[in-house]
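Asker: Dumping the structure here so I can ask a few things about it.
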Amino acid sequence: MAELLPQHLDLLHRVPYFAGLTDEVLAALVAVAGSRRYARGQVIFLEGDPCAGLFIVAAGEVKIFKLSPQGREQIIHQLGPGGTFNDVAVLDGGPNPASAAATADSTLCIIGREDIRRLAYAYPQLAWALIESIARRARHLVSVVEDLSLRSVKARLARLLLAEAERVSGAGAIDRNQMMTQAEMAARLGTVREMIGRALRDLADEGLIEFDRHRIVITDRVGLQAVSDSG
């Protein structure tokens, strides 16, 4: 594991619930942190393994996922720079609650559980920040449950397409080289590839999107937003 350099204070400032910590606390975290690089597709840790520490994405992208006994994947969260994961295992000492893998070449900051625990005792503001992290995680999971139980696949796909268009270009078109495959969309939305294909065709038939060579073009953003909100 490579040494984490002092400039990584900037990284910790980008973590939402660390942003309000003093430089003294952030410096204490940097002093016990390390960094590690992962290639695209490389597994970072597996569900059920002993707690691997708190991870912060310095560069790249990571997916947090669970697998069914049949091998079906459900992506719980997709994280970019400044995102954290494995907070739950760090705080309760249990095994990793999900698996993690790099979806792009990534550099991660890693802080061990015992170091986090010791520093949380020394700096109450860090302890409160960690509580906030769990609250954010719970809020996100409530949103995931709401999507899976109350929204149709087409509505969930419409929301994903709008978010992806904003993420990759800030415009109304998505280059297919920059976005997920249908299988990856299915993993994100808790369904199967065939349902994604059907929902894409429905959206195209309704004139909300169109396929232009290597792009998906949003032709009716207002209409697509209405589908996203329809449940």
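Asker: So is Phe85 crowded, with 20+ Cβ neighbours inside 10 Å, within 19 Å of the chain's Cα centre (by Cα) and among the aromatic types (Phe, Trp, Tyr) or not? First the steps, then the outcome.
Answerer: On the way: crowded, with 20+ Cβ neighbours inside 10 Å: yes; within 19 Å of the chain's Cα centre (by Cα): yes; among the aromatic types (Phe, Trp, Tyr): yes.
Yes: the conditions hold for Phe85.
Asker: Suppose we keep only residues that are basic (Lys, Arg) and free of Cβ contacts under 8 Å to residues at least 40 places away in the same chain within region 199-229. Which one would you say is least open to solvent (accessible area, probe 1.4 Å)?
Answerer: Filtering region 199-229 down to residues basic (Lys, Arg) leaves 201, 213, 215, 221.
Checking which are free of Cβ contacts under 8 Å to residues at least 40 places away in the same chain leaves us with 201, 213.
Details: Arg201: 136, Arg213: 214 Å².
Selected residue: Arg201.
Asker: Would you please name the residue that is nearest to Glu184 (Cα to Cα), looking only at residues in region 61-120 that are touching a Phe, Trp or Tyr at 6+ places or on another chain (Cβ under 9 Å) and hydroxyl-bearing (Ser, Thr, Tyr)?
Answerer: Among those residues, the one meeting the criterion is Ser99.
Asker: Name the one entry in Arg72, Arg36 that is of a type in the set (Lys, Arg) and over 20 Å from His13 (Cα atoms). Spell out how you get there, then give the answer.
Answerer: Numbers: Arg36 fails: over 20 Å from His13 (Cα atoms).
On inspection, the qualifying residue turns out to be Arg72.
Asker: Look at region 146-164 and say how many of its residues are without any contact (Cβ under 8 Å) to a residue 12 or more places away in the chain and either touching a Gly at 6+ places or on another chain (Cβ under 7 Å) or within 16 Å of Gln78 (Cα to Cα) (or both). Reasoning before the result, please.
Answerer: Initially, region 146-164 is screened for residues without any contact (Cβ under 8 Å) to a residue 12 or more places away in the chain, giving 146, 149, 163.
Filter once more, keeping what is either touching a Gly at 6+ places or on another chain (Cβ under 7 Å) or within 16 Å of Gln78 (Cα to Cα) (or both): 163.
Of the residues in region 146-164, 1 are without any contact (Cβ under 8 Å) to a residue 12 or more places away in the chain and either touching a Gly at 6+ places or on another chain (Cβ under 7 Å) or within 16 Å of Gln78 (Cα to Cα) (or both).
The values are calculated or read from the model by the stated rules, or taken from the named source; none is laboratory data. Since the model is a prediction, treat every value here as computed from it, not as a measurement. Glycine gets a Cβ as well: all are built from the backbone with ideal geometry, and neighbour counts include every protein chain shown. In case anyone asks, the SASA skips ligands and DNA or RNA and just uses the protein heavy atoms, side chains included. Shrake-Rupley method; radii C 1.70, N 1.55, O 1.52, S 1.80 Å.
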